[in-house]
Amino acid sequence: MPPPVFRFAPSPNGFLHLGHARSALLNFDAARRGGGRFLLRIEDIDATRCRPEFEAAVYEDLGWLGITWETPVRRQSDHLADYRAALDRLAALGLLYPSFESRAEIAALVNARETGGIWPRDPDGAPLYPGAAKSLPARERRLRSGAPFALRLDMDAACKLAGDLTWTERGSGPNGETGAVVARPEIWGDVVLARKETPTSYHLAVVIDDALQGVTDVVRGHDLFWSTAVHRLLQKILDLPQPAYRHHDLIRDDAGKKLSKSSSSTGLRELRAGGMTAEEVRRLTGLL
């Protein structure tokens, strides 16, 4: 049996904090215990927010924690052709359509529809896509082709094609879900898989990357638990292998909110500058 493969995949759009440290250490420790491999992946598809200095800080902070990784590191911005190929496959199956509304226009559509009640939300609290772009005639789509757009997944058609889905949960969900978890991707609506200015999305890139890198075990926070349903859907449609998942508790601030990269009080650089040791970070993250 081949060794298990774990990965830590931060976005270089800010400095790492204690929550990142916990996830990275959980993956690194699991790889060592199981005689497996540990990969580092840089998720830098958002060119407007990702910066070289943040990427350099990722390497510095992880090295300080005693984490080592295989090289070369996969950087998503170097592999846009992989995501384009996946989009082409989905398009050939008739599962993609362009939507042309701006974020402000979508907000206005939601407001108009909420006069009779609350418009449906996804697990992250964002309103489901309220537009009618899916029903636009092909000619009108061509006329709008020069305008900014998002490529959305036709969720109803995708779910019909994929059939029933589950995933193997080796940790637990926010409500204690474990074992064989039923995936319900329809609760996300017609998710965006690419934009004109950003040629892939997190949902698409993560399943392509995990498959191409041979990742067998995905260890990540509860905030991504429900996203797994979309990932299983894409894996099934694109004939990609299914890793096992382990979702873990998040480290939260005094107000009960999950940590953000703007939270300097928990930033690894600030903690290190204040004299904290890597061993103390392990203790703060509950790993000692």
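As I understand it, the value is the acute angle between the Cα axis of helix 103-113 and the longest principal axis of the Cα atoms of the chain; what does it come to in degrees, rounded to 10? So the inclination is approximately 60 degrees. For the stretch 15-99, trypsin sites (Lys or Arg not before Pro) meeting the loop criterion (DSSP other than H, G, I, E, B) and having at most 15 other Cβ atoms within 10 Å: Arg49. Any idea what log10 I(q)/I(0) is at q = 0.07 Å⁻¹ for the chain, Debye with uniform C-alpha scatterers and no solvent? Values returned for q = 0.07 Å⁻¹ are -0.29.
Work out the count of Lys pairs in the chain where the Cα-Cα distance is under 28 Å, with the pair 8 or more places apart or on different chains.
Values: Lys134/Lys160; Lys134/Lys196; Lys134/Lys236; Lys160/Lys196; Lys160/Lys236; Lys196/Lys236; Lys196/Lys261.
Counting lysine pairs in the chain gives 7.
Using Cα-only point scatterers and the Debye equation, what is log10 of I(q)/I(0) for the stretch 87-197 at each q in 0.11, 0.13, 0.14, 0.15 Å⁻¹, rounded to two decimals? The Cα Debye sum returns log10 ratios of -0.45, -0.62, -0.70, -0.79. Loop sites by DSSP among the GluC sites (Glu not before Pro) of the chain, restricted to those with at most 16 other Cβ atoms within 10 angstrom, leave 71-176 as the longest stretch without any of them. The distance between label points at Ala273 and Ser135 comes to 5.6 nm (points 7 Å beyond Cα on the Cα→Cβ vector).
Each Lys and Arg Cβ is given +1 and each Asp and Glu Cβ -1; about its Cα centre, the stretch 1-93 then shows a dipole of about 340 debye. Working note: 222 nm ellipticity from helices only, DSSP H runs with n ≥ 4, each -39,500 (n - 2.57), summed and divided by the residues of the chain, gives -10500 deg cm²/dmol to the nearest 500.
For every other residue with a beta carbon closer than 9 angstrom to the beta carbon of Leu165, add +1 if it is Lys or Arg and -1 if Asp or Glu, then tell me the sum. Numbers along the way, then the final one.
On the way: positive: Arg184, Arg232, Lys236; negative: Asp164.
Result for the local shell: +2.
Given the options Val73, Ala150, Tyr59, identify the residue whose Cα lies farthest towards the positive end of the charge dipole of the stretch 21-170 (+1 on Cβ of Lys, Arg; -1 on Cβ of Asp, Glu). In the stretch 21-170, that residue is Ala150.
Once the Cα atoms are used to define both axes, helix 18-33 deviates from the longest principal axis of the chain by about 70 degrees. Over the stretch 181-233, what is the relative contact order in whole percent, taking alpha-carbon pairs under 8 Å and six or more residues apart? Worked out over the stretch 181-233, it gives 51 percent.
Here, each number is a calculation from the coordinates, and none is a lab measurement. Just so you know, these numbers come straight off a predicted model, no measurement behind them. In this analysis, Cβ positions are derived from the backbone assuming ideal geometry, glycine residues included, and neighbour counts consider all displayed protein chains.
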